[in-house]
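To keep things clear, I will list the structure first and then write my remarks on it.
Every number here is computed from the coordinates shown, using simple stated rules; none is lab data. Here the structure is a predicted model, which is why all the values come from computation and not from measurement. Positions of Cβ are backbone-derived with ideal geometry, glycine not excepted, and every protein chain shown enters the neighbour counts.
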Amino acid sequence: MVVKSGEHENRDRTYSITELCKEFEVTPRTLRFYEQKGLLSPARRGWTRLFSYRDRARLKLILRGKKVGFSLEEIKELLDLYSLRDGQLTQLRVASTKMRERLDALQVQRVELDEAILDLQRTVEIVDGMLKERTEGNAVKAKAG
């Protein structure tokens, strides 16, 4: 992994719920939900939640996972593997397997979507043709009547 300049100093930084909501375009309710599900573990100072660098990184991974269709359970399973102290071998192996499975499923979905789109396009053409015939037929009847 390439570490960007200044990235190490950011590891000690904390983030408010407002900052993370703004940065990742999510609601406070979303962050509280992820916390409730055990995906995020912000520290508390009174009523205030303080999210760590780790929480921010986890949120980024959660949102990426959701974007490609992983369930929250699957995302949690992958994130929890980080805590194993095996040099991330287990996590990388499991992640690779799950990502390949998800990629295969998305490719199947793409084929199914392409077929559905073609079918719908054909149906729209048929319905539009019928509509045009009826509209023209009514116009001819109106002129004759």
Expressed in nanometres to one decimal, the distance between label points 7 Å along Cα→Cβ at Tyr53 and Asn138 is 6.8
Inter-probe distance in nm under a simple model that places probes 7 Å from Cα toward Cβ, at Arg11 and Lys66:
2.8
In the chain, lysine pairs with alpha-carbon atoms under 19 angstrom apart (chain gap of 8 or more, or interchain):
17
Normalised by the number of residues in the chain, what is the relative contact order in percent for Cα pairs under 8 Å and 6+ residues apart?
15
Using alpha-carbon coordinates, inclination of helix 53-67 to the longest axis of the chain, degrees:
20
Out of these labelled values of Rg/Rh (Cα atoms, Kirkwood Rh), (1) 1.00; (2) 0.96; (3) 1.30, which was calculated from the coordinates shown here?
(3)
I'd like the distance between the alpha-carbon centres of the range 6-51 and the range 114-136, rounded to an integer number of Å.
49
